Amino acid sequence: MKPIKFTLLIIACAALLFTPGQAFALELDKLNKDLVRVEGDKLKKVKDVDLTSKKYVAFYYSAHWCPPCRAFTPKLSEFYDEMKEKHGDDFELVFVSSDQSEKKMQEYMEWGNMNFPALDFKDAQGKDIQAVSASGIPYLLVVDKDGKEVLGKGSEDWISPSGILSEFEKLLK
């Protein structure tokens, strides 16, 4: 094979490997068992959510110690409540904590009125879920029912969650 054709073949293969939405797929069924929610003064396992039954699942990477996160979280909680009323069966939002402890995670969830489930603290540090995160927070990633990226990093390493939120709203309509 001539060097130019070989080089073009390598470039084409690399482009396929790094096309947004195709680089990874989260195994949503495995995450179902790791969801928690604040109930009363405790974090309790969530049993009424099946991520695999949703058209879209959004993952919100955030932490209580992050000022931009604290500015965005109340807006996201309002968005979630509003969209759940209109499109409840089509999507779910899952908090992925970058906090230093489960206690801090819970305090942040309470402070931010997060009515949506979260990954159990120990699972939020797992390789699979961290492999699809950006290098900064707050970060919002949306995947489809197959766990493939729909909105998020794309060709960038970080996109404003407010920008993702407006695109997500369009998807839900």
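The values are calculated or read from the model by the stated rules, or taken from the named source; none is laboratory data. Computed from a predicted structure; not experimentally measured. In this analysis, Cβ positions are derived from the backbone assuming ideal geometry, glycine residues included, and neighbour counts consider all displayed protein chains. Remember, those area values only see protein heavy atoms, side chains included, never the ligands or the DNA or RNA. Shrake-Rupley method; radii C 1.70, N 1.55, O 1.52, S 1.80 Å.
Just for helices (runs of 4 or more DSSP H) wholly inside the range 101-151: which have at least 3 residues that are in contact with a Ser or Thr (Cβ under 9 Å, 6 or more places away or on another chain)?
Where helices (runs of 4 or more DSSP H) fall fully within the range 101-151 and carry at least 3 residues being in contact with a Ser or Thr (Cβ under 9 Å, 6 or more places away or on another chain), they are 102-111.
From 3, 74, 20, grab the single residue that is modelled with pLDDT under 90, out of contact with any helix residue (DSSP H, G or I) (no Cβ under 6 Å at 6 or more places or on another chain) and within 25 Å of residue 171 (Cα to Cα).
The match here is 20.
Based on what the data block shows, is residue 129 open to solvent by 10 Å² or more (accessible area, probe 1.4 Å), among the β-branched types (Val, Ile, Thr) and over 19 Å from residue 42 (Cβ atoms)?
No; evaluated as a whole, the condition is false for this residue.
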